[in-house]
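Step one of this worksheet: look at the structure below.
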Amino acid sequence: MPLAMVEAGLNVSVISLHGGLHVRKRLSDLGLPPGMMVRVVQRDPKGPIILAVKESRLAIGRGMAHKIMVEPC
């Protein structure tokens, strides 16, 4: 399922990144390579999705979140 559909408070594992080479590289550089476990901290109907990645917080726009495929942990 896309990251944009995950409810706040859930832990998920990144399984794949969709999009072109630039998008995949950008997401990997942000710390979201396939296999990474993340927690959705905040998911408001309007605005970005806030993720906990390792010991950092990361804001991802909804368009980008639809390109990140995840599975529940």
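Values as computed for the structure displayed
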| item | result |
| --- | --- |
| Test item: Cα-centred dipole of the chain, Lys/Arg +1 and Asp/Glu -1 on Cβ, debye | 220 |
| Normalised contact order of the chain, rounded percent, pairs of Cα under 8 Å and 6 or more residues apart | 44 |
| The chain, helix-only ellipticity at 222 nm - DSSP H runs n ≥ 4, -39,500 (n - 2.57), divided by all residues, nearest 500 | -4500 deg cm²/dmol |
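Laboratory data are not the source of any read-out in this text; all were calculated from the coordinates shown. As the structure is a prediction and not an experimental result, all values here were calculated from the model. Note that we place each Cβ from the backbone using ideal geometry, even for glycine, and neighbour counts take in every protein chain shown.
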